[in-house]
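Written out below as structure tokens is the structure these notes cover.
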Amino acid sequence: MVKRVGLGGAWNIPNALTLLRIVLVPVLVGLVLYHHFGAAAAVFLVAGLTDALDGMLARILDQRTTLGRYLDPLADKLLLVMSFLTLSFVGSIPIWITIIVVSRDVIISMGALIVHLLREQVNILPSWMGKAATVMQLLFVFGTLIALNKPMMSAVALEAVLVLMLGLTVASGIHYVMRGIRMLSGAGNDHPA
């Protein structure tokens with residue numbers, strides 16, 4: 001159950017971790033732009049750990065809030081989109097990969113907005129495929145940062161992560177679009193399938 005609380009009650013450990021993740025994004029961008037890839041990998045790892053911890057602590061401590069419900073996915077999108085854009089800007093990730101990842105997020109966000117505007121009560125839950133795509137995107141960015149710092153890292157392993165990440169990104173994008181269409185056609189409430 002999500003607690004609907006004012007701003008005073010929204011300042012808890014899970015939301016603080018989410019805000020830390022947001023604050024780390026410009027630090028990460030600066031480190032990548034100045035080619036400090038080892039430090040960037042460390043910052044990205046900390047940001048990724050806050051992503052795992054905030055949700056777990058919110059459940060354990062029963063500190064789930066409306067603010068956290070919106071802030072957590074926003075922090076995830078900000079971290080990943082800025083990571084892909086920055087790595088493409090410095091030439092470390094081909095731009096077409098970034099276009100696929102960012103386009104999926106834009107399409108999903110626009111679709112969620114449309115569904116929200118057209119239906120009063122909407123609870124759009126993340127699917128297992130969407131969560132898997134996010135995990136693979138995180139692994140790919142982290143692997144890329146490590147490879148840039150330690151060029152001896154296996155290119156084959158990173159390419160395998162890339163292929164899996166792209167497949168899940170595209171498949172989950174299609175999956176979310178189909179769910180949105182079903183919701184708009186009145187096929188029932190959303191579920192995390």
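The values are calculated or read from the model by the stated rules, or taken from the named source; none is laboratory data. Keep in mind it's a predicted model, so treat the numbers as computed, not measured. Note that each Cβ is placed from the backbone with ideal geometry, even for glycine, and that neighbours are counted across all protein chains shown. Please note that ligands, DNA and RNA were not included when accessible areas were found on the heavy atoms of the full protein model with its side chains. Shrake-Rupley method; radii C 1.70, N 1.55, O 1.52, S 1.80 Å.
Only one residue in R69, R59, R104, R119 is under 25 Å from P26 (Cβ atoms), among the basic types (K, R) and surrounded by fewer than 17 Cβ atoms within 10 Å (Cβ to Cβ). Which one?
R69
Residue under question is V81, and the condition is that it be in contact with a Leu (Cβ under 8 Å, 6 or more places away or on another chain) and either open to solvent by less than 60 Å² (accessible area, probe 1.4 Å) or within 16 Å of V25 (Cβ to Cβ) (or both); does it hold?
Considered against the rule, which asks whether it is in contact with a Leu (Cβ under 8 Å, 6 or more places away or on another chain) and either open to solvent by less than 60 Å² (accessible area, probe 1.4 Å) or within 16 Å of V25 (Cβ to Cβ) (or both), V81 comes out as no.
Hey, among the residues in the stretch 126-135 that are assigned to a helix (DSSP H, G or I) and either modelled with pLDDT under 90 or not aliphatic (A, V, I, L, M) (or both), which one's nearest to S172 (Cα to Cα)?
G130
Quick one: I60 ticks every box in (1) under 25 Å from A16 (Cβ atoms); (2) touching a residue at least 12 places away in the same chain (Cβ under 8 Å) except a single one, so which number is it?
For I60, the exception is condition (2).
Of the conditions (1) under 19 Å from the mean Cα position of the chain (by Cα); (2) buried (at least 16 other Cβ atoms within 10 Å of the Cβ); (3) modelled with pLDDT under 95, V29 satisfies every one except a single condition; which number is it?
It is condition (3) that V29 fails.
Provide a single number: the residues in the stretch 136-166 that are of a type outside the set (D, E, K, R), assigned to a helix (DSSP H, G or I) and open to solvent by 40 Å² or more (accessible area, probe 1.4 Å).
11
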